[in-house]
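Participant: The structure under discussion is supplied below as structure tokens; questions concerning it will follow.
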Amino acid sequence: MQLSNDVFIIGTGESKYGELWERSLREISVEAGLKAIESSGIRTKDLDAIYMGNSLSGMISGQENIGALMSDYAGIADEDVPTLRIEASTASGAAAVYEAYLSIKSGEYDLVMVGGVEKMTELYGNEMIDISSSILDREWEAFFGGTPAAMAALSARKYMKDFGVGKDVMAAISVNDHKNASMNPTAHFSNIITMEQAINSTPVAEPLNLMDCAPQSDGASSIILASEEFVKREKKEGVKIAGSGISQEYFALHSRDSLYSMKSTVSASRKALQKAKVGLNDISFAEIHDSFSIYGVMALEDIGFAERGKAKDLVFSDIGLKGRIPINPSGGLKAKGFPYGASGVGQFVEGYLQIMGKAGKRQVENAKYGLLHSVAGTGSTSIVHILGGE
Ligand code: COA
């Protein structure tokens, strides 16, 4: 096979995100996959491989080996399409896309499906918080009572103290997310919230309130990636993955230089922009990993949309759909929802719709380049992709 220069997204599909009590892991995953196949107009027998992003199905649903399971349940078990699960905690979906992208870039594959799925609402209460805490360092963080919300609260407290800002800087991220999600039919939440409602919502881990936290959502997203050669041969339309970067840093929060900067995000976004040969000024919109609103604030600064400590100059006026840099047109993790293994793939669904001009009421005008940012845990791994361009 010949080396492929560029990789394109040629179709997408997803289930609704939310509390899907009546639906199973396999049902929502197959729904998203079949929609992506339909939207791209491909035949399953032409697929070279399937990569599935998933983080916690073993612990939540007691179901491992979900790659093979999904391919069987989708009715393609006899088509000999290798299907693997990729796990990178809350960045599992983006990691699956990254691996699929490399497999096409290498020239080995021409047509690959990427799915992301998580069923978060099978369990609840302390059991679910304990399982969520497995994305932290079990021995040194979770064992001593650390939960994802508690770790994010440490970052928020330090940020607020060092830069003399209030909760409103974080709340602005959530308010923007809910507004955009109200225009996204697959989003978990469709309600608009005010700054007052966000700031006065139920405390979760001081200073973070309910409206600073992404929900535990069920959901599945899927995309079809194709080589440039396939796109030309089959006369498909698509959105190019212009560049990607993946970076790593210390696992536990206490090992890091800063509580409010993820070095992995700083590095991954630089790599991705460099590979795409574009600057931040070229970016028309960004989907950022705001599992907690403070992580959204940090992402804006780590990526470089705002200087350190200055996100406050951006979030109140410039992140809306018509703002200087529209953030999370999909509704983000906070309001579109946060099924761990699906969210990274879901960002690609939004990126594709925006650049194809198919995002309906939440369409960003002249969307040309999109930046997609996904994080594992509290920042040990960050994955950034740039979509768009000729
Ligand atoms: N934002 C807005 N509303 C939310 C919400 C959220 N994050 N989470 C739950 N709700 C709503 C539910 O829809 C429900 O509303 P209803 O009564 O109208 O049906 C109500 O609040 C209670 O829901 P419930 O599922 O009982 O919430 P909970 O108290 O079990 O969980 C959190 C709330 C914030 C603790 C949970 O969403 C959470 O742990 N989020 C963080 C996820 C996480 O750790 N991620 C790791 C990232 S690194």
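The values are calculated or read from the model by the stated rules, or taken from the named source; none is laboratory data. All of these numbers come straight from a predicted model, not from anything done at the bench. Quick reminder, even Gly has a Cβ in these numbers, built from the backbone with ideal geometry, and neighbours come from all protein chains shown.
Participant: Which fully enclosed strands (runs of 3 or more DSSP E) of the stretch 153-255 have 1 or more residues being within 13 Å of the ligand (Cβ to nearest atom) and in contact with a helix residue (DSSP H, G or I) (Cβ under 6 Å, 6 or more places away or on another chain)?
Facilitator: Numbers: elements: 203-205, 219-227, 239-248.
Because the criterion is at least 1 residues that are within 13 Å of the ligand (Cβ to nearest atom) and in contact with a helix residue (DSSP H, G or I) (Cβ under 6 Å, 6 or more places away or on another chain), the strands (runs of 3 or more DSSP E) in the stretch 153-255 that meet it are 203-205.
Participant: Y260 is checked against (1) more than 16 Å from the ligand (Cβ to nearest atom); (2) among the hydroxyl-bearing types (S, T, Y); (3) crowded, with 22+ Cβ neighbours inside 10 Å and fails just one. What number does that condition carry?
Facilitator: So the condition that Y260 fails would be (1).
Here's the yes/no breakdown for (1) among the charged types (D, E, K, R); (2) more than 16 Å from the chain's Cα centre (by Cα):
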| site | (1), (2) |
| --- | --- |
| A172 | no, yes |
| S217 | no, no |
| S222 | no, no |
| E237 | yes, yes |
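Participant: Which condition breaks for K232 when tested against (1) in contact (Cβ under 8 Å) with a residue 12 or more places away in the chain; (2) assigned by TED's automatic domain parsing to the domain that holds Y109?
Facilitator: (1)
Participant: Go through S71, S89 for me and flag whichever is small (G, A, S) and at negative phi. Lay out the reasoning, then the answer.
Facilitator: Details: S89 fails: at negative phi.
S71 is the lone residue from the list that is small (G, A, S) and at negative phi.
Participant: Within the set of pairs 6 or more residues apart or between chains, which connect a residue that is free of Cβ contacts under 8 Å to residues at least 24 places away in the same chain and closer than 10 Å to T147 by Cβ inside the stretch 117-132 to a residue that is of a type in the set (G, A, S) and more than 10 Å from the ligand (Cβ to nearest atom) with Cβ atoms less than 8 Å apart?
Facilitator: What qualifies is D130/A142.
Participant: Moving to a separate point now. I'd like the full set of residues that are surrounded by fewer than 23 Cβ atoms within 10 Å (Cβ to Cβ), in contact with a strand residue (DSSP E or B) (Cβ under 6 Å, 6 or more places away or on another chain) and closer than 24 Å to L387 by Cβ, limited to the stretch 14-39.
Facilitator: Once the filter is applied, which keeps residues that are surrounded by fewer than 23 Cβ atoms within 10 Å (Cβ to Cβ), in contact with a strand residue (DSSP E or B) (Cβ under 6 Å, 6 or more places away or on another chain) and closer than 24 Å to L387 by Cβ, the stretch 14-39 yields K35, S39.
Participant: Within the stretch 99-136, track down each residue that is away from the ligand (no atom under 16 Å from the Cβ), surrounded by fewer than 22 Cβ atoms within 10 Å (Cβ to Cβ) and among the charged types (D, E, K, R).
Facilitator: Result: E99, K105, E108.
Participant: While we're on this one: Being out of contact with any strand residue (DSSP E or B) (no Cβ under 6 Å at 6 or more places or on another chain) and within 16 Å of the ligand (Cβ to nearest atom) is the filter here; which residues of the stretch 62-98 pass it?
Facilitator: Result: E87, single match.
Participant: What pairs can you find where one residue is in the stretch 9-35 and more than 22 Å from L225 (Cβ to Cβ), the other is among the β-branched types (V, I, T), and their Cβ atoms are less than 6 Å apart, with a gap of 6+ or different chains?
Facilitator: Final answer for the pair search is K16/T186; E19/T121.
Yes or no, residue by residue, for (1) among the aliphatic types (A, V, I, L, M); (2) modelled with pLDDT of 95 or more:
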| position | (1), (2) |
| --- | --- |
| L3 | yes, no |
| S71 | no, no |
| S92 | no, yes |
| S103 | no, yes |
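Participant: Please determine, by comparing only the residues of the stretch 137-152 that are without any contact (Cβ under 8 Å) to a residue 40 or more places away in the chain and assigned to a helix (DSSP H, G or I), which one is surrounded by the most Cβ atoms within 10 Å (Cβ to Cβ).
Facilitator: The selected residue is A142.
Participant: What pairs come out if I take residues in the stretch 252-271 that are over 23 Å from S133 (Cβ atoms) and pair them with residues that are modelled with pLDDT of 95 or more and of a type in the set (D, E) whose C-beta lies under 6 Å away, six or more apart or interchain?
Facilitator: That search, which allows pairs on different chains as well, returns V266/D302.
Participant: Next up: Is it true that E139 is charged (D, E, K, R) and within 16 Å of the ligand (Cβ to nearest atom)?
Facilitator: Working: charged (D, E, K, R): yes; within 16 Å of the ligand (Cβ to nearest atom): no.
Here the answer is no, as E139 does not meet what is asked.
Participant: Still on this structure, I have one more. Report those helices (runs of 4 or more DSSP H) wholly inside the stretch 2-96 carrying at least 3 residues which are of a type in the set (A, V, I, L, M). Break it down into steps so the answer makes sense when it comes.
Facilitator: Details: elements: 25-40, 57-61, 66-73.
The helices (runs of 4 or more DSSP H) meeting that bar are 25-40, 66-73.
Participant: In this structure, does K368 turn out to be more than 16 Å from the ligand (Cβ to nearest atom) and either closer than 11 Å to S284 by Cβ or buried (at least 23 other Cβ atoms within 10 Å of the Cβ) (or both)? Walk me through how you get there before you give the answer.
Facilitator: Details: more than 16 Å from the ligand (Cβ to nearest atom): yes; either closer than 11 Å to S284 by Cβ or buried (at least 23 other Cβ atoms within 10 Å of the Cβ) (or both): yes.
So K368 fits the description; yes.
Participant: Could we say that S55 is at pLDDT 95 or above, closer than 23 Å to F8 by Cβ and of a type in the set (G, A, S) here? Don't jump to the end; show me each part of the working.
Facilitator: Values: at pLDDT 95 or above: yes; closer than 23 Å to F8 by Cβ: no; of a type in the set (G, A, S): yes.
Here the answer is no, as S55 does not meet what is asked.
Participant: Further, regarding this structure: Is one or more of the residues making up the stretch 344-360 out of contact with any Leu (no Cβ under 9 Å at 6 or more places or on another chain), surrounded by fewer than 24 Cβ atoms within 10 Å (Cβ to Cβ), among the aliphatic types (A, V, I, L, M) and not assigned by TED's automatic domain parsing to the domain that holds S92?
Facilitator: yes
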